[in-house]
Amino acid sequence: MSKGVTYGDYLRLPELLAAQRPQTGEHDELLFVILHQTMELWMKQAIHEIGAAQSEVRSGNLVPAYKHLARVSRIQAVMTQTWDILATMTPADYLNFRNLLGTSSGFQSAQFRVLEYKLGIKDDSFLKFHDAGSDDRTMLEDALNAPSLYDDALRQLAKEFDIPKSAYERAAGAPYMPSEVVEDAWLAVYRDTTKYWSLYQLAEKLIDLDDAFLTWRHKHVLTVERIIGRKRGTGGTEGVGYLQQTLTRRAFPEIWSLRTKL
Ligand code: HEM
């Protein structure tokens, strides 16, 4: 910190602490706002770390990438714990201000989709929730069209195994399609961990991320059911039913499926 810069200046605390603007006098609304904002901040950090991990993996520097990926897992764990704070808000507390939210929902979180896209869960149907030309839309399109962390990992796997380029170089934005060739390659890594130690480590770091992401999703669904039951979501989906379907989304499918065959 340079001389004359205060703690508050450096951290932009006046702006940060002025950004919580509950619209009602309801006690729990501040908690609701802060929980969303802190999750968005953690998502920002996770996206930053995944970007750094991707550059390392792409250059073949797997060991430095592990550090970034381990940090993402810890961030995800903190995000999951956050649901326990939210669960102290009862359905009655939430109903006091829910009608104010209109059609807004975490469903429209641009950073959440960027996180999915960067990991490898590419689904362009979410673009339409963001206005064409807006900053969010541009950020989403960039993440959708760029190689994912899984693409970068598969490029490294292809240095050791015969994997068609089409596995990790698809048309921009195209979703990843799991294949037996890729599964066989990961299987070989897990069958000889000594020989393929760095790829094996990478695969375990990746499954840590998928696991932690799914745990976050799980706890979200559970907390949502606890607070609104089976009501429709403010974002327009059927609510809990929709969120349960998202539990099948996997960023690194073959790293899961190989386990059955091992
Ligand atoms: C009372 C608290 C909450 C309730 C009742 C709730 C409810 C829901 C529901 C019903 C959906 C499905 C979309 C819709 O129709 O709205 C959803 C999606 C989502 N929510 Fe929440 N939520 C809550 C808190 C949070 C918080 C604190 C976050 C943190 C950012 C969050 C992030 C998300 C995300 C990212 C999605 C999209 C999930 C996906 O499409 O995979 N939610 N939420």
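Debye sum, Cα scatterers, the chain, no solvent: what log₁₀ I/I(0) at q = 0.11, 0.15 1/Å?
-0.70, -1.16
What is the distance in Å between the Cα centroid of the stretch 179-246 and that of the stretch 1-48?
Centre-to-centre distance over Cα atoms comes out at 29 Å.
Under a point-charge model restricted to the Cβ atoms of Lys and Arg (+1) and Asp and Glu (-1), what is the dipole moment magnitude of the stretch 124-262 relative to its Cα centre, in debye to the nearest 20? Please list the in-between numbers first.
Details: 19 positive and 22 negative charges, 126 e Å.
The calculated dipole for the stretch 124-262 is roughly 600 debye.
Let me spell out the model: positive unit charges on the Cβ of Lys and Arg, negative unit charges on the Cβ of Asp and Glu, origin at the Cα centre of the chain. What dipole size does that give, in debye rounded to 20? Can you show the working numbers first?
On the way: 31 positive and 34 negative charges, 47 e Å.
Using Cβ point charges on Lys, Arg, Asp and Glu, the chain gives about 220 debye.
Please build a GNM for the chain, connecting alpha carbons under 10 Å apart, and tell me which residue among ALA92, ALA52, ALA65 fluctuates the most.
Largest GNM mean-square fluctuation: ALA92.
Could you tell me how many degrees, from 0 to 90 and to the nearest 10, lie between the Cα long axis of helix 180-191 and the main elongation axis, the longest principal axis, of the Cα atoms of the chain?
Between the helix axis and the principal axis of the chain, the angle is about 80 degrees.
Pick from GLN76, GLN45, GLN245: which is most flexible by mean-square fluctuation in a GNM of the chain where alpha carbon atoms under 10 Å apart are linked?
Between GLN76, GLN45, GLN245, it is GLN245 that shows the largest mean-square fluctuation.
Through the Karplus equation 6.51 cos²θ - 1.76 cosθ + 1.60, θ set to phi - 60°, convert the phi angles of the stretch 9-14 into ³J(HN,Hα) values in whole Hz; use x for Gly and Pro.
The phi angles translate into 5, 4, 8, 6, 5, x Hz.
Provide, for the chain, the number of lysine pairs with alpha carbons under 21 Å apart, each pair being eight or more places apart or on different chains.
For the chain, the number of qualifying lysine pairs is 18.
Can you give the calculated 222 nm mean residue ellipticity of the chain, where each DSSP H run of n ≥ 4 adds -39,500 (n - 2.57) and the sum is split over every residue, rounded to the nearest 500 deg cm²/dmol?
For the chain, the value works out to -19000 deg cm²/dmol.
Could you give me the ³J(HN,Hα) list for the stretch 29-46, computed from phi with Karplus coefficients 6.51, -1.76, 1.60 and θ = phi - 60°, whole Hz, x at Gly and Pro?
In residue order, the calculated couplings are 5, 4, 4, 4, 5, 5, 4, 5, 5, 5, 5, 5, 5, 5, 5, 4, 5, 5 Hz.
Quote the charge dipole size of the stretch 65-200 about the Cα centre in Debye, to the nearest 20; the model charges only the Cβ of Lys and Arg (+1) and of Asp and Glu (-1).
Value, rounded to 20: 320 debye.
Any read-out appearing in this document is the output of simple, stated calculations on the displayed coordinates, not a laboratory observation. Everything numeric here is computed off the predicted structure, so don't read it as measured data. Neighbour counts are summed over all protein chains in view; Cβ atoms, including those assigned to glycine, are modelled from backbone coordinates with ideal geometry.
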